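Trainee: Quick one: the structure is below, and I'll ask about it shortly.
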């Protein structure tokens with residue numbers, strides 16, 4: 001069980017590596033638990049509302065999720081921008 005939680009931990013590096021790998025793919029299949037975590041994080045980004053990715057909500061119960069390359073890239077980009085570590089850099093107390 002620990003190996004599963006480690007493999008799907010959403011670090012900035014994890015998201016960046018997946019975004020680089022998805023840069024040229026036409027489609028990709030990812031594990032359902034990984035997809036749900038990425039989607040949940042991406043939904044924190046205000047731009048999610050205009051991203052036209054609302055159709056992805058219907059895929060949350062699947063064991064594996066097949067996504068178009070464009071959808072995966074947008075989802076990963078939104079998730080990486082919403083990541084707590086990424087947001088921490090923007091907040092500055094003067």
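Trainee: With the requirement that a residue be modelled with pLDDT under 90 and crowded, with 16+ Cβ neighbours inside 10 Å, what does the range 22-44 give you?
Mentor: 22
Trainee: Another one. Collect the residues in the range 8-21 that are part of a loop (DSSP other than H, G, I, E, B) and crowded, with 16+ Cβ neighbours inside 10 Å, keeping them in residue-number order.
Mentor: Going through the range 8-21, the residues part of a loop (DSSP other than H, G, I, E, B) turn out to be 8-11.
Passing the criteria: 8, 10.
Trainee: Here's something else I'd like to know. Read through the list (1) under 22 Å from residue 84 (Cα atoms); (2) touching a residue at least 24 places away in the same chain (Cβ under 8 Å), then give the number of the only condition that residue 49 fails.
Mentor: (2)
Trainee: Hey, can you tell me all the residues within the range 47-72 that are part of a helix (DSSP H, G or I) and either surrounded by 15 or more Cβ atoms within 10 Å (Cβ to Cβ) or in contact with a helix residue (DSSP H, G or I) (Cβ under 9 Å, 6 or more places away or on another chain) (or both)?
Mentor: So in the range 47-72, the residues part of a helix (DSSP H, G or I) come out as 47-50, 54-59, 69-72.
Within the range 47-72, 47, 48, 54, 55, 56, 57, 59, 69, 71, 72 qualify.
Trainee: Same structure, new question: Would you call residue 14 touching a helix residue (DSSP H, G or I) at 6+ places or on another chain (Cβ under 6 Å) and at pLDDT below 90? It would help to see each step written out before you state the result.
Mentor: On the way: touching a helix residue (DSSP H, G or I) at 6+ places or on another chain (Cβ under 6 Å): no; at pLDDT below 90: yes.
Criteria not met by residue 14.
Trainee: Only one of these conditions is not met by residue 29: (1) farther than 16 Å from residue 83 by Cβ; (2) part of a helix (DSSP H, G or I). Which number is it?
Mentor: Condition (2) is where residue 29 drops out.
Trainee: When residue 51 is evaluated against the numbered criteria (1) out of contact with any strand residue (DSSP E or B) (no Cβ under 6 Å at 6 or more places or on another chain); (2) at pLDDT 90 or above, which criterion, by number, is the only one it fails?
Mentor: (2)
The values are calculated or read from the model by the stated rules, or taken from the named source; none is laboratory data. From a predicted model like this one, the values you see are computed outputs, not experimental measurements. Cβ sites come from the backbone with ideal geometry, for glycine too, and all protein chains shown count toward neighbours.
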